[in-house]
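Derivation of every value follows stated rules applied to the coordinates shown; laboratory data play no part. Remember, predicted model here, so these are calculated numbers, not experimental data. All Cβ positions, glycine included, derive from the backbone under ideal geometry; neighbour counts span all protein chains shown.
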Amino acid sequence: MAFEKNIKSIVHFMAFPGPRLGKSAQYGEAPKKYMIDSINFIASTKFFNGIEITTIKDPEIRSEVAKLLKKYKFYITYSAQVIQLVNEDKLIARTDISSIDEIERENAVKRLKECIEEAYEIGCDQFAFISGEDPGTETGMQKRNLAMRSLLVSIEELCKYNREMAKYYKREKMKMTLETFDREPGKGFKNQLIGPSNEAKVLAYDIRNDGFDEFGLMYDLSHMFLIKSGFEGETVDVIKSLKPYLNWIHYGNNIIDKKHPLYGDYHVSMDHPDGAVTPQVVREFFTALVEVEYENGIGLEVMPIPPDQLSESVVLTGIAAFKNAAEEISVNYAIGGYRFKTRRFLPERLFYKITEERINNPDIIKTEAAKRKLRKRPYDKNIIIIAADHPARNVTRVGDDPLAMGDRQQYLGRIARCLIDSQIDGVMATPDIIDDLFILNKIFVDAGGKSFMDEKIIIGCLNRSGLAGSEYEMMDKLTAYTPKELAELKYDGAKMMFRIDLDTSQARYSQETMEQCSRWIRECNQHNIPSYLEPLPVEKTGNGYRVKLNHTDLIKTIGIASALSGSSTYIWLKVPYVENFEAVARSTSNPILLLGGESSGYPPDTMINFEKGLGAGPNIRGALVGRNLLYPGFDDPLAVSLAVAKIIHESATAEDAIKYLVKQRGKDMDYLTKVIFSEKSQGQSSQN
């Protein structure tokens, strides 16, 4: 689950405002039993390890609460916001610490200094507060600009006092955290100077730049719909903008229907039927937090609706909302700023060493293939094979890039990146790719590395003449390996493809290719070489051929494929996942490998399909995948491949696979170069 290391907190005085949903806790006057019982309940959930409290006026109750919070080892936030908003006795100007009247500002700062003293007495780790009301722009921007200056001065005074108190108590200084609110007047709104996030960011930058690294911002999901920059509301993208300055996060709910009696900042329960913060909004917000690698606390701020809603109920609902979002695949996958750079793994100087070996040692492939350690058959587990035969069929496009697989350094680097790990079982490719891999492997082994080709399943591709876009695309003749060559090289399988087009003039070429595949399977059978057959039902469209991704056509095509040649004993089928795949699995007793198809650029889709596909029947024995592993958007091909391997080898869920992916991302990027370009290796090279 995402955020496992983040502090999970709850705003106590909101969830438990007072007996019978009064407001005594918000005023700091709740009975001792109510305070103790509510804190015990929060601890009993086993979810929260942080709590946000406000003033407790009775010294005896304050002391008892402090002991209890220490017992539970809570991270404690002192919330001065409610004190500022309640403004008991109305002794402080509503503009508070941003008052341009210096006397009013000083009084407001003094009040918060007293709160800081109480926070240290309780043992708090963080101090949260707000800016004070916006003076408005009726007479222009002058008052607001002056208020901003006053606010900066006030915050820096409070930060200095925080440091003095930390020194007095001989402990770490508290975080000083300003919460952003709406700047809207009227019922249900707070009309605070801070305010829009773009202005809060500038303020935070200035204060940090003045040396107060403990200062930061608190952003509340429920405020997102209420805070406006100009005429526009904010979106989850604001998290990326505020990233360097986020001390704390709140998640909660509100209602933005102006006709609703609870319109505005009332923090209704997360399951309120009229709430603006839907599960989808929470997922998007949490995804943004994961993308910026947010590591600080996340607090639940919800409030029961009088007279009958239970505090315990809204708390448990809030926990469920958190867990539901935090366990979502999309949230856990969030890639953030990560970008896989192939050239870090396979730099130019290593890539061009392959050319030198080709020129200087033309017999290298036969030699390397002959000494390769073979994997024993039958295989003792499901397998995951990297497919790398697309360029030979005039297919180089990945996503929006028409030549992505045409860059051989990129292509080879991504393939080798996957093969370095033992969890990746092998590769299926045309001769040029496998030759490059053997040469690269030799360079690596000669420098002192361990072979990444030993015990890999190597499958050679046979027919690639069905060129994408050709008028005779269905005529797919043998242009790469022959079965005899595969036997001589001691490779582990032969891959071939035929596509069934029943509706156009090309149908006869489909049948010719099918007949050729039958002959090749017979020849492979004579050499005891498994045939990995990719039978696909297709239809002609204005943009070329498209695979019919439905179980009806796929089942019929599998029936044709498994009947080819004089024996189906060595036939493995490579087919795409489709809905009702259970029926597809029952259409043959031959082993099936799942193919990936065109790259979606979003690995979770691949994980989900493979989890569903693998569970469709015991004859689903793994995956033979190319673009979805080699070109997974910005992600690391090895990390994505290892995540798929978790599903294939261990029957892991897509959720667990994604968590594993995130941990593997970017590891061992110097796997080849640290060996090949080591001082020892370079010394050996110069001697040779």
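Can you give the % of DSSP beta bridges in region 174-325 that are antiparallel, to the nearest 5?
25 percent
Which of Lys32/Lys323; Lys33/Lys71; Lys67/Lys170; Lys373/Lys574; Lys381/Lys450; Lys373/Lys477 have a Cα-Cα distance over 21 Å?
Violating the 21 Å Cα-Cα cut-off are Lys32/Lys323; Lys373/Lys574; Lys381/Lys450; Lys373/Lys477.
Counting only residues 5 or more places away or on other chains, whose amide H sits under 5 Å from the amide H of Gly297 once H atoms are built in the peptide plane?
Result for Gly297 returns Ile7, Ile249.
Take every DSSP beta bridge with both residues inside the chain and express the antiparallel ones as a percent of the total, to the nearest 5.
So the antiparallel bridges in the chain amount to around 15 percent.
I want to verify the translational diffusion coefficient of region 1-63 in µm²/s; compute it with Stokes-Einstein, Rh as the Kirkwood radius over Cα pairs, at 25 °C and 0.890 mPa s.
Stokes-Einstein gives a translational diffusion coefficient of 199 µm²/s.
Using per-residue counts of other Cβ atoms within 10 Å, averaged over each peptide, order 74-86, 128-140 from highest down.
74-86, 128-140
Based on the inverse mean of 1/r over its pairs of different Cα atoms, what is the Kirkwood hydrodynamic radius of region 283-422, in Å?
21.0 Å
Considering only the other residues whose Cβ falls under 12 Å of the Cβ of Pro483, what net charge follows from Lys and Arg at +1 and Asp and Glu at -1? Intermediate results must be reported in sequence, preceding the final value.
Details: positive: Lys484, Lys495, Arg519, Arg522; negative: Glu485, Glu488, Glu523.
Neighbourhood net charge equals +1.
If r is the Cβ-Cβ distance from Gln309 to Thr653 and R0 is 35 Å, what FRET efficiency results, to the nearest 0.05?
0.50
For region 362-687, place one equal point scatterer on every Cα, skip the solvent, and apply the Debye formula. What is log10 of I(q)/I(0) at q = 0.11, 0.13 Å⁻¹?
The Cα Debye sum returns log10 ratios of -0.68, -0.96.
Relative contact order (percent) for region 362-687, with alpha-carbon contacts under 8 angstrom and 6 or more residues of separation?
The normalised contact order for region 362-687 reaches 17 percent.
Would you mind computing, in nm to one decimal, how far apart the modelled labels at Lys371 and Asn107 are, each placed 7 Å from Cα along Cα→Cβ?
Once both label points are built, they end up 8.9 nm from each other.
Relative contact order (percent) for region 330-480, with alpha-carbon contacts under 8 angstrom and 6 or more residues of separation?
Values: 173 pairs, mean separation 38.0, N = 151.
Relative contact order of region 330-480: 25 percent.
In whole angstrom, how far apart do the alpha carbon centroids of region 364-415 and region 430-467 sit?
7 Å
Dividing the convex hull volume of the Cα atoms of region 8-333 by its residue count, what figure in Å³ per residue is obtained?
132 Å³
For Arg508 and Asn550, FRET efficiency with R0 = 35 Å and r from the beta-carbon atoms, rounded to 0.05? Before the final figure, lay out each step's value.
Details: r = 24 Å, r/R0 = 0.68.
According to the calculation, E is roughly 0.90.
Between rounded, prolate and oblate, where does region 466-511 land on the alpha carbon gyration tensor, with a ≥ b ≥ c its root eigenvalues, rounded for a/c under 1.5, else prolate if a/b exceeds b/c?
prolate
Through the Karplus equation 6.51 cos²θ - 1.76 cosθ + 1.60, θ set to phi - 60°, convert the phi angles of region 56-67 into ³J(HN,Hα) values in whole Hz; use x for Gly and Pro.
Residue by residue, region 56-67 yields 10, 5, 6, x, 5, 5, 4, 5, 5, 5, 4, 5 Hz.
Would you grab the residues whose amide H sits under 5 Å from the one on Ile620? Only those 5+ places off in sequence or on another chain, please, with H modelled 1.01 Å from N.
Those lying under 5 Å, H to H, from Ile620 are Ile592.
Can you give the % of DSSP beta bridges in region 362-687 that are antiparallel, to the nearest 5?
Bridges in region 362-687 that DSSP calls antiparallel: roughly 15 percent.
Assuming a viscosity of 1.002 mPa s and a temperature of 20 °C, what translational diffusion coefficient in µm² per second does Stokes-Einstein assign to the chain, Rh being the Kirkwood radius over Cα pairs?
Answer from the Stokes-Einstein relation: 73 µm²/s.
For region 160-169, just list the computed ³J(HN,Hα) in residue order, Karplus coefficients 6.51, -1.76 and 1.60, θ = phi - 60°, integers in Hz, with x standing in for Gly and Pro.
5, 5, 4, 5, 4, 5, 4, 5, 5, 8
What shape does region 499-615 take by its C-alpha gyration tensor, where a ≥ b ≥ c are the square roots of the eigenvalues and a/c under 1.5 counts as rounded, a/b above b/c as prolate, and the rest as oblate?
In terms of gyration-tensor shape, oblate.
Output wanted: per-residue J couplings in Hz (rounded whole) for region 110-118, from phi through Karplus 6.51 cos²θ - 1.76 cosθ + 1.60, θ = phi - 60°, x for Gly and Pro.
In residue order, the calculated couplings are 4, 4, 6, 5, 5, 5, 4, 4, 5 Hz.
Over the chain, what relative contact order in percent results from Cα pairs under 8 Å that are six or more residues apart?
9 percent
Enumerate by residue number the chymotrypsin sites (Phe, Trp or Tyr not before Pro) in region 171-227 meeting two conditions: DSSP loop (anything except H, G, I, E, B), and at most 15 other Cβ atoms within 10 Å of the site's Cβ.
Phe189
How much length would be gained if the chain were fully extended between Asp670 and Asp89, taking 0.36 nm per residue of separation minus their Cα-Cα distance, in nm to one decimal?
Values: separation 581, 0.36 × 581 = 209.16 nm, distance 6.56 nm.
Here the answer is 202.6 nm.
Any idea how far apart Glu348 and Ser678 come out in nm if each label point goes 7 Å out from Cα toward Cβ?
The answer from the label model is 2.7 nm.
Please give the direction-averaged projected area of the C-alpha convex hull for region 367-480, in square nanometres with one decimal.
8.5 nm²
Compute the long axis of helix 507-526 from its Cα atoms, compare it with the longest principal axis of the Cα atoms of the chain, and write down the angle in degrees, 0 to 90, nearest 10.
Approximately 80 degrees, to the nearest ten.
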